[in-house]
Amino acid sequence: MHRPTSFGGALAALATAAAGALVAVAVSTGPAVAAPGGTGTGYLHTSGNQIVDSTGATVRLTGINWFGMETDNKTFHGLWSNNPWRGQLDTMARLGYNTLRVPYSNDALKPGATASGVNDFVNPDLVGLSPLQILDKVIDYAGSKGMRIILDRHRPTAAGQSPLWYTPTVSEATWINDWKMLAQRYAGNPTVIGADLHNEPHAEGTNPAATGACWGCGDTTRDWRLAAERAGNAILGVQPNWLIFVEGVSCPSGGLSNVWDGDTSNDEDCGWWGGNLSKAGQFPVRLNVANRLVYSPHEYATSVYRQSWFDAPDYPANMPAIWDKYWGYLYKQNIAPIMMGEFGSTLADPKDRVWLEKLMAYTGTGVTGMSFTYWSWNPNSGDTGGIALDDWTNINTTKQAILQPYLIAPTGGGTTTPPPDGPTDPPAGACTVSYRQVNAWQGGFQGELTVKNTGSAAVNPWSVTWTWPSGVTLGSGWNATVSQSGTTVTAAAPGHAPSLSAGGSVTVGFTANGTASAPGTVKLNGASC
């Protein structure tokens with residue numbers, strides 16, 4: 001979550017807030033059109049100011065934050081709602097968010113950590129799982145939709161953010177070792193593309209007795225640039241394929257100017273927590289593996305804190321120069337890519353809508369524009385609200401309409417793609433099927449359909465279809481891209497696992513609305529089972 005500059009401000013991040021006069025409306029935004037690039041193939045790296053995939057194709061990350069794992073719940077918020085967790089990811093992907101930034105605290109990684117706030121009626125598959133096991137499932141399902149994951153060390157503990165990357169109870173060694181554990185846990189899984197090392201380093205203490213995060217000051221206990229190098233290189237020693245996302249500070253000195261002394265001649269130019277990368281050109285982060293560094297500033301509007309520039313006579317024309325100064329120059333001078341890790345607003349103030357429109361235009365259009373992850377999916381971010389409304393199902397169409405032209409839908413699954421010659425049909429009868437009803441409730445049910453390829457050749461890419469009685473409608477699906485037309489449901493192979501080998505089987509999970517019904521007329525690539 002986010003906080004304003006050194007001059008005070010902001011607000012409880014977990015109070016539920018509605019955005020102005022917006023009301024809950026049904027999701028009416030159609031599927032985002034997949035633009036060239038998508039989320040690319042394989043692991044990502046950098047080239048100048050661009051992020052590229054393993055083939056060299058340019059990739060633009062257009063994502064969203066889903067928080068909660070950094071709080072006392074130790075897992076994603078909204079798992080208490082009536083919208084199953086897969087349904088929420090389905091909506092994110094359909095709207096065009098190709099990347100998920102996942103905040104966590106080190107508390108959630110401790111042995112014995114338990115997740116709370118999970119609706120076991122709606123999400124029975126999460127019952128009893130640890131925070132990391134739930135994260136595993138989210139990563140697997142997001143990957144099946146072609147989304148990418150950025151892990152964000154948001155807080156040392158669930159109690160709150162810290163100006164430095166360590167605290168008296170969470171050491172730098174713990175911070176780095178936990179990162180190495182995560183890098184090892186997801187090694188070989190290109191859905192997880194990198195580490196946002198520490199959220200919003202910022203100033204603390206009054207200059208000259210600064211105690212907060214500085215940039216380029218040379219003090220190893222406070223210089224965030226040096227700490228980012230230590231952690232980034234430790235991670236790359238375990239997982240050299242990851243991108244390392246480095247946020248800015250608030251005040252490069254690491255301390256607050258004494259604004260009460262009446263002397264403004266030495267007052268420092270400060271920005272948002274994590275948003276000031278003005279010294280990164282002079283003091284760049286140096287990593288042992290080339291082409292892995294992405295700078296990741298944060299940027300907010302008046303609903304978080306009313307910075308002086310929002311009331312300048314030339315607002316909003318003054319904003320591009322401010323963004324240039326704090327972080328945009330790194331992109332414009334081809335020094336490194338920018339991935340704006342957090343930005344958002346309730347849009348309650350008309351100035352904030354102008355701010356969001358101007359900011360998105362500043363990032364550029366198409367795959368060569370700056371990457372970003374919007375804050376947030378969650379409606380319960382007190383000073384920004386979210387894309388989801390309070391029911392965690394319907395969306396804020398005003399915000400979405402501003403972001404939509406810049407979103408590039410997830411494609412490709414992050415690994416391999418099916419061959420261009422189309423599906424391979426198995427001979428008739430070359431499959432068997434079994435079905436298990438996992439759960440049922442008033443007005444809906446959950447099931448698993450397992451299809452086995454009993455033919456002598458692989459089916460690539462595979463596709464399973466079945467029929468339901470009239471009135472039964474798909475809620476969400478997983479382990480495949482599941483859709484419904486009329487009474488026919490299609491489960492298409494995910495991009496990361498297009499082939500169903502001879503003798504192999506696939507289990508497609510789903511939730512549905514209506515009377516519990518077993519799938520009928522099941523076919524594998526058009527051949528009846």
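The values are calculated or read from the model by the stated rules, or taken from the named source; none is laboratory data. From a predicted model like this one, the values you see are computed outputs, not experimental measurements. A quick note on method: Cβ atoms are made from the backbone with ideal geometry, for glycine too, and the neighbour counts reach across all protein chains shown. Heads up: the accessible areas ignore ligands, DNA and RNA and are worked out on the full protein's heavy atoms, side chains in. Shrake-Rupley method; radii C 1.70, N 1.55, O 1.52, S 1.80 Å.
The table for this structure:
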{"read-out": "Every residue from the range 368-403 that is open to solvent by 10 Å² or more (accessible area, probe 1.4 Å), among the β-branched types (Val, Ile, Thr) and not in a loop (DSSP other than H, G, I, E, B)", "value": "Thr397, Thr398, Ile402"}
{"read-out": "First in the range 154-182 and free of Cβ contacts under 8 Å to residues at least 40 places away in the same chain, second anywhere and open to solvent by 30 Å² or more (accessible area, probe 1.4 Å), Cβ under 6 Å, 6 or more apart", "value": "Tyr166/Glu172"}
{"read-out": "Pick from the range 244-262, criterion β-branched (Val, Ile, Thr) and within 18 Å of Gln307 (Cβ to Cβ), ranking: modelled with the highest pLDDT", "value": "Val249"}
{"read-out": "Subset of the range 147-204 (residues that are of a type in the set (Ser, Thr, Tyr) and assigned to a loop (DSSP other than H, G, I, E, B))", "value": "Ser162, Tyr166, Thr167, Thr169, Ser171, Tyr186, Thr191"}
{"read-out": "Conditions (1) modelled with pLDDT of 95 or more; (2) surrounded by fewer than 20 Cβ atoms within 10 Å (Cβ to Cβ); (3) polar (S, T, N, Q); number of the one not met by Thr346", "value": "(2)"}
{"read-out": "Selection from the range 475-506 of residues that are buried (at least 20 other Cβ atoms within 10 Å of the Cβ) and aliphatic (A, V, I, L, M)", "value": "Ala480, Val482, Val489, Ala491, Ala493, Leu500, Val506"}
{"read-out": "Which numbered condition Pro111 misses (of (1) out of contact with any strand residue (DSSP E or B) (no Cβ under 8 Å at 6 or more places or on another chain); (2) assigned to a helix (DSSP H, G or I); (3) of a type outside the set (Gly, Ala, Ser))", "value": "(2)"}
{"read-out": "Hits in the range 75-114 (condition: closer than 19 Å to Met181 by Cα and open to solvent by 10 Å² or more (accessible area, probe 1.4 Å))", "value": "Asp107, Leu109, Lys110, Pro111, Gly112, Ala113, Thr114"}
{"read-out": "Close pairs from the range 59-79: first of a type in the set (Asp, Glu), partner at pLDDT 95 or above, Cβ under 7 Å, at least 6 apart", "value": "Glu70/Pro103; Glu70/Tyr104; Glu70/Ser105; Glu70/His154; Glu70/Arg155; Glu70/Ala158; Asp72/Ala158"}
{"read-out": "Meets criteria (under 17 Å from the mean Cα position of the chain (by Cα), open to solvent by 10 Å² or more (accessible area, probe 1.4 Å) and farther than 20 Å from Ser250 by Cα) for Gln333", "value": "no"}
{"read-out": "Qualifying residue in the range 207-229 (condition: closer than 18 Å to Gly68 by Cα, in contact (Cβ under 8 Å) with a residue 12 or more places away in the chain and surrounded by 20 or more Cβ atoms within 10 Å (Cβ to Cβ))", "value": "no"}
{"read-out": "Sole residue being open to solvent by 50 Å² or more (accessible area, probe 1.4 Å), outside any helix (DSSP H, G or I) and at pLDDT below 90, chosen from Thr416, Thr432, Thr365", "value": "Thr416"}
{"read-out": "Matching entry among Gly520, Gly509 (being of a type outside the set (S, T, N, Q), in contact (Cβ under 8 Å) with a residue 24 or more places away in the chain and open to solvent by 10 Å² or more (accessible area, probe 1.4 Å))", "value": "Gly520"}
{"read-out": "Selection from the range 303-330 of residues that are open to solvent by 70 Å² or more (accessible area, probe 1.4 Å) and either part of a loop (DSSP other than H, G, I, E, B) or not small (Gly, Ala, Ser) (or both)", "value": "Arg306, Asp311, Pro313, Asp314, Ala317, Lys325"}
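Residues are listed down the side, and each one gets a yes or a no for (1) open to solvent by less than 10 Å² (accessible area, probe 1.4 Å); (2) modelled with pLDDT under 95; (3) more than 24 Å from Leu287 (Cβ to Cβ):
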| site | (1), (2), (3) |
| --- | --- |
| Thr157 | no, no, yes |
| Thr169 | no, no, yes |
| Thr174 | no, no, no |
| Gln184 | no, no, no |
| Ala187 | no, yes, no |
| His198 | yes, no, no |
